[in-house]
Amino acid sequence: MRQQELLIYRVENMEDGGLLKDMTHLLEHCGDTVFTEQEREEYKALFYDCAHRLLELAGSHGFSGNLWHCYLTNLLVNCENSYSIACEIRNGTDGSINDAALHDISIFKEFFDADFEPLLQTLDAGDCRILFDYEASRQESRVYNERICKRICSLAKEFINCRNAGEMKVALTAFYQDYGVGKFGLHKSFRVVHKENGVHIEPILKIAHVKLSDLVGYELAKKKLVENTEAFVSGRKSNNCLLFGDAGTGKSSSIKGIINEYYDRGLRIIEVYKHQFQDLNDVISQIKNRNYKFIIYMDDLSFEDFEIEYKYLKAVIEGGLEKKPENVLIYATSNRRHLVREKFSDKEERVDDLHKGDTVSEKLSLVARFGVTIYFGAPDRKLFQEIVLTLAARNHIDLSEEELLAEANKWELNHGGLSGRTAQQFIDYLAGKAGESAW
């Protein structure tokens, strides 16, 4: 096995690459080689450890079928290198890097074609044949969404049917073009984590599958958001976007819906909290040269007048020496139109503030950097009732319209007033009661 000869798909750069080293070592040494009983037991212990790791991988990733092939495929689709990044979400690349990729894929073809039978017989490990025809449980993958998990398993089967490394390279490149590579290719949402060795962007494995159509009403607001996002994803001029208005009106849900709608076209979202604004330059440096479009998402954004974090945000959006990359936009939600708290005293004549106009301008300067602002107001009673009726139908609530609306009106009086969130909580309450009676 020639894993040490890999040029760009280096094992040391792959997560879980140690399993490949151990398994190829076993395949090389446990065929017809004669060794002592002690060596045999050591090799057997190593093989069962490898088998354990493959089974754990199947459990966490949701893989089925030939787990060795799924493992190798998972390495290939996650390995970020000069070739895979050049191919992601676009029509491949040219130049000598293609020859280097073909060289490495030919080595992986040998891994895929490896015959484990002599190894199993030598180590008397026939019970591990389940690794090569594994039936997964019905539990969801803890790493990938269902679509990505199934695609990796199907790609593993495609590789086996490839007659040579060239066909295998074509299949792998097609995957990169359709899905991308690594964490940014295989996930849609991310968070920022500050560790000892710096700022890391990590996938969010559980995200609500909200669609824009799930949000009842607010058609003009959604249209404005879609138009700006469509321009961004299409490579046209677009603006940073602020969604502001009353609580519980669907601002955050709209952004989640946008991500779910445009994920297939290379849109990704990174959630950043207020205390992480000083890390924004590090975050942008990690994503600016990738072939995806990134929305940096800030939920419930607002500042008290003594908080200065907004100054970091101002510099990143517009004002620093380095131009913001064209593949990055900032979307934020807020209950405040002007983001930074304003007071009547800001506009009063005060002896301790020589330039009161400058104070007001400073507090308005952040919102001015959002080219698109979209208002989400609390629904009137007619729209609130429409939301309730729509959600009730989706959740199969078995009440007459008259009874449903009467209960909804009583509910909103004691639970935050007229809003989409209040309507959803009311429907969840009714669905919970229905489930309880079913017991």
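The values are calculated or read from the model by the stated rules, or taken from the named source; none is laboratory data. From a predicted model like this one, the values you see are computed outputs, not experimental measurements. All Cβ positions, glycine included, derive from the backbone under ideal geometry; neighbour counts span all protein chains shown. Keep in mind that these areas ignore ligands, DNA and RNA; they rest on the heavy atoms of the full protein, side chains included. Shrake-Rupley method; radii C 1.70, N 1.55, O 1.52, S 1.80 Å.
Which of the peptides 39-50, 217-228 is most tightly packed, and how do the rest follow, going by the mean number of other Cβ atoms within 10 Å of each residue? Provide the component values of the computation, followed by the final result.
Working: 39-50: 15.3, 217-228: 16.9.
The peptides rank, most packed first, as 217-228, 39-50.
Gyration tensor over the Cα atoms of region 1-68: the corresponding equivalent ellipsoid has semi-axes (square roots of 5 times the eigenvalues, largest first) of 23, 18, 10 Å. Accessible area of residue 112 (1.4 Å probe, protein heavy atoms only, ligands and nucleic acids ignored): about 10 Å².
Can you grab the distance from the C-alpha centre of region 224-252 to the C-alpha centre of region 93-166, Å, no decimals? Region 224-252 and region 93-166 have Cα centres separated by 41 Å.
Cα-based Rg of the chain per 2.2 N^0.38 Å, rounded to two decimals? Each step should come with its number before you reach the end.
On the way: Rg = 27.5 Å, N = 439, 2.2 N^0.38 = 22.2 Å.
Taking the Cα Rg and dividing by 2.2 N^0.38 Å, one obtains 1.24.
Remark: accessible surface ordering of 94, 246 (largest first) is 94, 246, probe radius 1.4 Å.
By how many nm would the segment from residue 161 to residue 135 grow when fully extended, if each residue of separation counts as 0.36 nm and the alpha-carbon distance is taken off? Walk me through the numbers on the way to the answer.
Numbers: separation 26, 0.36 × 26 = 9.36 nm, distance 2.04 nm.
Computed gain between residue 161 and residue 135 is 7.3 nm.
With viscosity 1.567 mPa s and temperature 4 °C, the Kirkwood radius over alpha carbon pairs of region 94-170 converts through Stokes-Einstein to a diffusion coefficient of 86 µm²/s.
Can you check how the C-alpha radius of gyration of region 142-204 compares to 2.2 N^0.38 Å, as a plain ratio?
Values: Rg = 15.0 Å, N = 63, 2.2 N^0.38 = 10.6 Å.
Here the answer is 1.41, to two decimals.
Counting only lysines at least 8 places from residue 195 when in the same chain, those with an alpha carbon closer than 22 Å to its own are 183, 206, 274, 288.
So, with +1 on the Cβ of K and R and -1 on the Cβ of D and E, and no other charges, what is the size of the charge dipole of the chain about its Cα centre, to the nearest 20 debye?
Numbers: 55 positive and 70 negative charges, 363 e Å.
Result for the chain is approximately 1740 debye, rounded to the nearest 20.
Computed packing ranks the peptides 206-214, 114-122, 286-294 as 286-294, 114-122, 206-214, most packed first, by mean other Cβ atoms within 10 Å.
Modelled label positions at residue 196 and residue 382, each set 7 Å beyond Cα in the direction of Cβ, lie 6.3 nm from each other. Here's the picture: charge each Lys and Arg Cβ at +1 and each Asp and Glu Cβ at -1 in region 82-241, and of 131, 229, 112 the one pushed furthest to the positive end of that dipole is 229.
Round to the nearest 0.05 the FRET efficiency obtained for residue 103 and residue 415 when R0 = 56 Å and r is the Cβ-Cβ distance.
Values: r = 64 Å, r/R0 = 1.14.
So the FRET efficiency works out to roughly 0.30.
Compactness of region 245-300 is given as radius of gyration and Dmax, 12.8, 37 Å, from Cα positions.
As a fraction of the 1.4 Å probe accessible area of region 1-121, surface on carbon and sulfur atoms comes out at 46 percent. Can you bin every Cα-Cα distance in region 203-277 into 5 Å intervals starting at zero and give me the percent of pairs per bin, rounded to whole numbers? Histogramming region 203-277 at 5 Å steps yields 3, 14, 24, 27, 20, 11, 2 percent. Its relative contact order, with pairs defined as Cα atoms under 8 Å and 6+ residues apart, puts the chain at 14 percent.
Assuming 1.306 mPa s and 10 °C, estimate D for region 194-233 with Stokes-Einstein, Rh taken as the Kirkwood radius over Cα pairs, in µm²/s.
119
Between the amide H of residue 328 and those of 294, distances stay under 5 Å, these residues lying 5 or more places away or on another chain, with hydrogens modeled in the peptide plane. Geometric descriptor of region 1-149, per residue, is 114 Å³ (volume of the convex hull of the Cα atoms).
With only the Cα atoms considered, region 97-255 has a convex hull volume of 231 Å³ per residue. If you roll a 1.4 Å probe over the heavy atoms of the protein chains, what accessible area per residue do you get for the chain, in Å²? Roughly 51 Å² per residue, with all protein chains present.
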